[in-house]
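Below is one structure, written out as C-alpha cells, with a few remarks after it.
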Amino acid sequence: MKLRFGLIGCGRISKNHIAAAVANRDIMELAAVCDPVTERAEKKAEDCLVATGKRPAVFADYHKMLKEAEVDCCSVATESGYHAHIALDCIRSGKHTLVEKPMALSTKDAEEMISEAKAKGITLGVCHQNRFNAPVQQLHMALENGRFGKLISGSARILWNRTMPYYQQAPWRGTWAQDGGTLMNQCIHGIDLLQWSLGGEPDTVMAMTGNYLRDIEAEDFGAILIRFKNGAVGTVEGTACIYPKNLEETLSVSGATGTAVIGGLAVNHVETWDFASPAPQDTEVAKLAGTDPKDVYGSGHNALYRNFITAVNTHTEPLVSGTEGIKGLKIVLAAYKSQKTGLPAKYDGLEFSTTEMTQNDVKVK
C-alpha cells in the first residue's frame, strides 16, 4: 500500500526527509509539508514538485494539517524539544509517526509515546538512520553470527565542530528546555549504534561533561562510561569543539575473536575488519572499505523510510521502533543525571529530563 506522509518541520534536517520521499516514491507520497515559517514549507513543496512531479499541500499549523490533509503517516522534524508533544498529537490523531532524534527530552515523554502508540495500534519509529549504513549492517550481521565471540568493549567517538554561529542560527540549540548539549544533539546516533552493538541492555552509566568553548547552557564535550548487563563496557567521547572542522564519527567493537572499526565522517567507512575465522560476508565488506558520505547525515533516511513503511504495511515493528529509540535517549539522560549528581546512574527505572539540568551542572570552573 502506498502511504501518504505529512512532514512537520522544514528546517535543516528536512532535506533528508524530502530525499527519502523521492527515493521511495514507489511506496510513499509526500502529501503535505508544514512549518510555521511558511517560506520554508513552500520551498520544500517546490523541491518535491521538481523531483516527483507532485506538489504537497502546504500548512503553517500542524493541527490544521492533521485535520485537513489526507495523510496516513507523519514525520516530525522540528526542534528537539517539540518532538514528543507533536508526536503524541499525531499518534492521538491515528497517524503512524516517524520522529527525528531524540524522540523526546525526558524518559516520561518517551515512555508515553511508546505506550500510546501501542494502545492505538500505531507504528512509532525514530530516525536513527545510521543503523542502515551498509558497513553498520555488516557489523550487526557479524554480531548476530557470533563472530566476535565474547563481547569485551566498544566505543563511539563523535569528534565534530559546531561553532557559535550554528547555535545562534537556531537559539533553541544547546538549551536544556529544547535540546541538550552535544551528547543529545550530535552524539545520540553514535550512542544508539554503540548500545545496539553491545547487546542493547545497559546497566550503569557514568559521565563527565563540560562546557568549554561554546556559549550555550548545555555541554559542548562529554565522556560516558557504560557497563552493559552482559559485562561489556562501552565508552563515548563526544565534542562540538574539534578544530577546525568535523573530524570523525567512529564506532568500534571488540570481542574475543573479532574487532571491527567503522569510521569516516558518519560511520560509513570500514577501517578495521579482523576476525579469527573468515566468512563469506568478508568479500562484501571489502567492497565497502572506501565508502564515506559527503556530509555527516549520510543517506540512511532512504532505507529507514522504506523499513518504516514496510512495518506499517505488514503490522510489524520497524528496525528503530520507539522501544529501540528510547535506549540511546536513556543513556544520554543517565549521563546527565550522573554529571549532575557525581554518581553512577542506573539505567533501569531511570526517570530524568534535560530540564532537571542547569548551566552550573556542566560549566567548567
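Computed on the Cα atoms alone, the convex hull of the stretch 95-228 gives a volume of 147 cubic angstrom per residue.
A viscosity of 1.002 mPa s and a temperature of 20 °C, combined with the Kirkwood radius over C-alpha pairs in the Stokes-Einstein formula, give the chain a diffusion coefficient of 103 µm²/s.
Which number do you get for Rg(Cα) / (2.2 N^0.38 Å) in the stretch 134-190? Cα Rg divided by the expected 2.2 N^0.38 Å: 1.64. Principal axis extents of the C-alpha atoms in the stretch 213-272 (largest first, rounded to whole Å): 44, 28, 13. For a 4.7 Å threshold on C-beta separation, the list of partnerless cysteines in the chain reads 10, 34, 48, 73, 127, 187, 241. For the Cα trace of the stretch 1-80, dividing Rg by the Kirkwood Rh returns an Rg/Rh value of 0.92. Summing charges over all other residues whose Cβ lies under 13 Å from the Cβ of residue 29, with Lys and Arg as +1 and Asp and Glu as -1, gives +2.
Hey, what's the Kirkwood Rh for the stretch 190-336 if you take every pair of different alpha carbons, in angstrom? If you can, show how the numbers build up before the last one.
Details: mean 1/r = 0.0575 Å⁻¹.
Mean inverse Cα-Cα distance, inverted, gives 17.4 Å.
Which of 19, 279, 104 moves the most in a Gaussian network model of the chain with Cα springs under 10 Å? The residue with the greatest mean-square fluctuation here is 279. Computed from the C-beta positions of residue 141 and residue 39, the FRET efficiency with R₀ = 51 Å rounds to 0.70.
Across the stretch 35-49, rounded Karplus estimates of 3J(HN,Hα) from the backbone phi angles (6.51 cos²θ - 1.76 cosθ + 1.60, θ = phi - 60°) give 7, x, 8, 4, 4, 5, 4, 4, 5, 5, 4, 5, 4, 5, 4 Hz, Gly and Pro being marked x.
Every read-out reported here was derived from the displayed coordinates using simple, explicitly stated rules and does not represent laboratory data. These numbers come from a predicted model, not from an experiment. Cβ coordinates were reconstructed from backbone atoms using ideal geometry, including for glycine residues, and neighbour counts include every protein chain displayed.
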